[in-house]
Amino acid sequence: MHPALDDPAITRGRRTWRQRISLAALVVGVASFLWRSGGTFTTTDTAVASVLALLATLMVVLVIAALVVARAAQRLSAVMDDRELRAPDALRFPTYGFSPTAVRLSRALGLGNPASTFSGWAIVEVSEDGVRVFRRPKDEPVVVIARSVIRDAGTGAIVDSVFRVPSLNLAVTRRGTTTGVPLAVLRTPLNPIDEAGLVATLIEVRGMLRLESETAA
C-alpha cells in the first residue's frame, strides 16, 4: 500500500479532540436548555404547549430534511441512468463531498476553491481512464482524476462533524507529491456502505484502474 494511504486521518477516521468537545458542548447545551425550560412548567397547560411546540418544530425540520434527501436521491438516480447509457462498463457509486475530500482534492489536483470543486451529493465513476465525479445528468464532471496520477487505492473512513462514513481512498500524485484523497462510499444519500460492500468496491476499483497488475509487477 502506498504510504499516502497510511494517514490515520483517512484510514481510521477517528474524531479529533475538537470534534469530541464540540459534541459534548452540544449535548450539555441541549440538556441545560431543557433543564431551565422545565422550571417554567408551572402548570399542565404550559407543559403541554411547550411539548407541542417542540414536536411541531421537529416535524417541520424532518419534513424539510426528507424533501432535501428525496430531491438528492432523484438527482443521483438521474445521473446514474445518464452515465449508464454513456459508459455502461464503468463502476459507479453515490458519494458526498465532505470537506476533508475537497481540501485534499484541491491539494492533489491543484484546483481552486475546494468548496466549489466537491460539495454535496454526487456520483463517482471509475473507468479505465481514471475517476470522475458527476453532480447532475448530462453535465461535465466536476472532478477528473486521470488514471496516470493514481498510484494506489485503499479503504478508510471520513469523519466530518459527528458522522463517520466509510471511504475509498486514492493515492493521487501531483508535482512529485502524493496525497491520500478519501471518497465517501454510499448506497443512498443517507445510507453509507457496509464493510463488506466497501471491500468489494475496492476490489472492483483496483481492477478497473489496473492497480492489481501494477502491484504484482
Report MET80's accessible area, 1.4 Å probe, all protein chains in place, as a number in Å² to the nearest 10. 60
What translational diffusion coefficient, in µm²/s and rounded to a whole number, does the Stokes-Einstein relation yield for region 94-157 at 37 °C and a viscosity of 0.692 mPa s, taking the hydrodynamic radius as the Kirkwood radius over Cα pairs? 268
Per-residue HN-Hα couplings for region 169-174, Karplus 6.51 cos²θ - 1.76 cosθ + 1.60 at θ = phi - 60°, whole Hz, x for Gly and Pro? 9, 10, 8, 10, 9, 9
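Could you report region 75-198's accessible area per residue, 1.4 Å probe, as an integer in Å²?
44
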Whole-Hz ³J(HN,Hα) from phi, Karplus 6.51 cos²θ - 1.76 cosθ + 1.60, for region 80-86, glycine and proline x: 4, 5, 5, 6, 4, 6, 7
Alpha-carbon Rg/Rh ratio, for region 108-203, with Rh computed the Kirkwood way: 0.94
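With the Cα gyration tensor of region 127-170 in hand, give its eigenvalues times 5 under a square root as the equivalent ellipsoid semi-axes, listed largest first in whole angstrom. List each step's numbers first, then the result.
Numbers: eigenvalues 101, 59, 10 Å².
Each semi-axis is the square root of five times an eigenvalue, giving 22, 17, 7 Å.
The values are calculated or read from the model by the stated rules, or taken from the named source; none is laboratory data. Here the structure is a predicted model, which means the values were calculated and not measured. For the accessible areas, the whole protein counts, side chains as well, though only heavy atoms, and no ligand, DNA or RNA atoms are used. Shrake-Rupley method; radii C 1.70, N 1.55, O 1.52, S 1.80 Å.
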